[in-house]
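Colleague: Before I ask anything, let me first share the structure, which is written out below as structure tokens.
The values are calculated or read from the model by the stated rules, or taken from the named source; none is laboratory data. Because the structure is a prediction, the values reported are computed rather than measured. Ideal geometry is used to build each Cβ from the backbone, glycine not excepted, and the neighbour counts take in all protein chains shown.
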Amino acid sequence: MTNDFNFKFNDTIAVVSGGFQGIGKAIISQLISSGCKVYTIDPKFPNTLDDKFTVNKNVIRYSGYTSNSDDMENLFQYIYSKESRVDFLVNNAGIYFYKDIENSSLQDFNNIVSANILGEFNMTKYCTKLLKNSTHPSIVNIASVSGQRTEEGHTLYSTTKGATLAFTKALAADFGKYKIRVNSVSPGNIKTPMNDLDIEAQSKIKGRSFAETEKEYSSESILRRRGTADEVASVVLFLLSSASNYINGEDIIIDGGLYLV
């Protein structure tokens with residue numbers, strides 16, 4: 001599926017975390033197609049011992065972690081040296097695992113909090129001064145329907161995504177004086193590598209095949225299918241665009257009706 005809205009982001013600049021695959025990759029693809037220049041960070045991007053950056057015409061990739069202070073410093077010092085403003089920030093980076101609380105370790109907790117919460121904090125903190133220089137700044141945080149409608153085995157993941165929803169509203173209140181809008185989206189069962197990990201984990205625990213669990217996943221949505229990364233990305237672009245100028249501090253659920261049943 002392609003972006004049928006044809007958003008125009010000519011001469012705009014975005015920073016997107018977690019851009020290697022899935023939803024982040026789809027967001028970057030649609031932004032670039034709409035005329036936007038994108039900086040993105042992901043530990044899965046290739047790097048050499050001498051350089052963690054891969055620079056192309058419209059996208060600059062940095063291999064690193066949003067939870068790592070050295071990576072944040074390196075990335076944003078580079079952006080500060082190149083740009084006087086940033087128009088859009090998308091906090092997409094995150095991790096997932098399927099464990100109940102009894103089988104979750106302190107290291108599990110620290111890892112998921114670092115990736116899903118500390119990373120959002122770092123990206124936003126470093127990006128704020130550049131967003132304040134934009135005439136149309138907007139932040140979109142990628143939450144999850146799991147932050148609102150949880151299930152067995154999602155204790156830590158749901159906790160962090162609930163935090164993202166709260167972080168979004170708190171930022172909207174803080175940044176109103178700068179005219180920086182802050183919203184979030186909550187995807188449901190989306191065809192991404194991370195969502196596939198969830199299906200694989202549940203399949204193993206329940207003694208089912210991947211296909212059986214995926215079919216069950218699809219049946220939970222009123223539309224009886226999993227969504228696509230592009231369907232999430234198009235909503236993110238809407239929230240970044242001037243078409244959503246009076247939407248602030250809100251969350252849009254993208255789950256095909258999963259939350260309703």
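Colleague: At least 3 residues that are at pLDDT 90 or above in each: list the helices (runs of 4 or more DSSP H) lying fully within the range 146-261 that qualify.
Modeller: Details: elements: 155-175, 193-206, 210-220, 229-240.
In the range 146-261, the matching helices (runs of 4 or more DSSP H) lie at 155-175, 229-240.
Colleague: Of the numbered conditions (1) surrounded by 15 or more Cβ atoms within 10 Å (Cβ to Cβ); (2) more than 21 Å from the chain's Cα centre (by Cα), residue 87 satisfies every one except a single condition; which is it?
Modeller: Every listed condition holds for residue 87 apart from (2).
Colleague: Condition check: within 19 Å of residue 193 (Cβ to Cβ) and charged (D, E, K, R). Does residue 42 satisfy that? Steps first, answer last, please.
Modeller: On the way: within 19 Å of residue 193 (Cβ to Cβ): yes; charged (D, E, K, R): yes.
Yes.
Colleague: Right, something else. All but one of (1) surrounded by fewer than 19 Cβ atoms within 10 Å (Cβ to Cβ); (2) within 17 Å of residue 147 (Cβ to Cβ); (3) of a type in the set (D, E, K, R) hold for residue 204, so report the exception by its number.
Modeller: (2)
Colleague: Also: List pairs: first residue in the range 108-137 and within 19 Å of residue 178 (Cβ to Cβ) and of a type in the set (Phe, Trp, Tyr), second residue at pLDDT 95 or above and part of a helix (DSSP H, G or I) anywhere in the structure, Cβ distance under 8 angstrom, at least six positions apart or on different chains.
Modeller: Every condition considered, the pairs that remain are 121/167; 126/72; 126/75; 126/76.
Colleague: Is there a residue in the range 60-69 that is more than 24 Å from residue 236 (Cβ to Cβ) and touching a residue at least 12 places away in the same chain (Cβ under 8 Å)?
Modeller: Pass one, the range 60-69, residues more than 24 Å from residue 236 (Cβ to Cβ): 68-69.
Next, from what is left, pick out any that are touching a residue at least 12 places away in the same chain (Cβ under 8 Å): 69.
Yes, some residue in the range 60-69 is more than 24 Å from residue 236 (Cβ to Cβ) and touching a residue at least 12 places away in the same chain (Cβ under 8 Å).
Colleague: Of the residues 238, 210, which single one is of a type in the set (Phe, Trp, Tyr), touching a Ser or Thr at 6+ places or on another chain (Cβ under 7 Å), surrounded by fewer than 20 Cβ atoms within 10 Å (Cβ to Cβ) and over 30 Å from residue 102 (Cα atoms)? Working first, answer last.
Modeller: Details: 210 fails: over 30 Å from residue 102 (Cα atoms).
Among 238, 210, only 238 is of a type in the set (Phe, Trp, Tyr), touching a Ser or Thr at 6+ places or on another chain (Cβ under 7 Å), surrounded by fewer than 20 Cβ atoms within 10 Å (Cβ to Cβ) and over 30 Å from residue 102 (Cα atoms).
Colleague: Confirm whether residue 158 is without any contact (Cβ under 8 Å) to a residue 12 or more places away in the chain and closer than 26 Å to residue 98 by Cβ.
Modeller: On the way: without any contact (Cβ under 8 Å) to a residue 12 or more places away in the chain: no; closer than 26 Å to residue 98 by Cβ: yes.
So residue 158 fails the test.
Colleague: Which fully enclosed strands (runs of 3 or more DSSP E) of the range 42-128 have 2 or more residues being among the hydrophobic types (A, V, I, L, M, F, W, C), farther than 23 Å from residue 189 by Cβ and modelled with pLDDT of 95 or more? Don't jump to the end; show me each part of the working.
Modeller: Numbers: elements: 53-55, 59-62, 88-91.
Because the criterion is at least 2 residues that are among the hydrophobic types (A, V, I, L, M, F, W, C), farther than 23 Å from residue 189 by Cβ and modelled with pLDDT of 95 or more, the strands (runs of 3 or more DSSP E) in the range 42-128 that meet it are 59-62, 88-91.
Colleague: Looking at (1) modelled with pLDDT of 95 or more; (2) under 22 Å from residue 188 (Cα atoms); (3) surrounded by fewer than 23 Cβ atoms within 10 Å (Cβ to Cβ), find the lone condition where residue 11 falls short.
Modeller: (2)
Colleague: It is to be established whether one or more residues within the range 63-77 are of a type in the set (A, V, I, L, M), within 20 Å of residue 128 (Cβ to Cβ) and more than 18 Å from the chain's Cα centre (by Cα). Give the steps one after another, and end with the answer.
Modeller: Of all residues in the range 63-77, those of a type in the set (A, V, I, L, M) come to 72, 75.
Filter once more, so that each one left must be within 20 Å of residue 128 (Cβ to Cβ): 72, 75.
Of the ones still in play, those that are also more than 18 Å from the chain's Cα centre (by Cα) are none.
No: the range 63-77 contains no residue that is of a type in the set (A, V, I, L, M), within 20 Å of residue 128 (Cβ to Cβ) and more than 18 Å from the chain's Cα centre (by Cα).
Colleague: Could you tell me whether any residue of the range 214-223 is touching a strand residue (DSSP E or B) at 6+ places or on another chain (Cβ under 7 Å) and closer than 18 Å to residue 192 by Cα?
Modeller: Step one: filter the range 214-223 for residues touching a strand residue (DSSP E or B) at 6+ places or on another chain (Cβ under 7 Å), giving none.
No, every residue in the range 214-223 fails to be touching a strand residue (DSSP E or B) at 6+ places or on another chain (Cβ under 7 Å) and closer than 18 Å to residue 192 by Cα.
Colleague: Is it the case that some residue within the range 75-89 is within 22 Å of residue 238 (Cα to Cα), out of contact with any helix residue (DSSP H, G or I) (no Cβ under 7 Å at 6 or more places or on another chain) and touching a residue at least 60 places away in the same chain (Cβ under 8 Å)? Let's see the steps before the verdict.
Modeller: Start the filter on the range 75-89 by keeping residues that are within 22 Å of residue 238 (Cα to Cα), which leaves 85-89.
Now restrict to residues that are out of contact with any helix residue (DSSP H, G or I) (no Cβ under 7 Å at 6 or more places or on another chain): 87.
In the following step, the residues that additionally are touching a residue at least 60 places away in the same chain (Cβ under 8 Å) were identified as 87.
For the range 75-89, residues within 22 Å of residue 238 (Cα to Cα), out of contact with any helix residue (DSSP H, G or I) (no Cβ under 7 Å at 6 or more places or on another chain) and touching a residue at least 60 places away in the same chain (Cβ under 8 Å): present.
Colleague: If a residue must be farther than 23 Å from residue 144 by Cα and either surrounded by fewer than 23 Cβ atoms within 10 Å (Cβ to Cβ) or in contact (Cβ under 8 Å) with a residue 60 or more places away in the chain (or both), how many such residues does the range 20-38 contain?
Modeller: First, the residues of the range 20-38 that are farther than 23 Å from residue 144 by Cα: 32-38.
Subsequent filtering for residues that are either surrounded by fewer than 23 Cβ atoms within 10 Å (Cβ to Cβ) or in contact (Cβ under 8 Å) with a residue 60 or more places away in the chain (or both) retains 32-35, 37.
Result for the range 20-38: 5.
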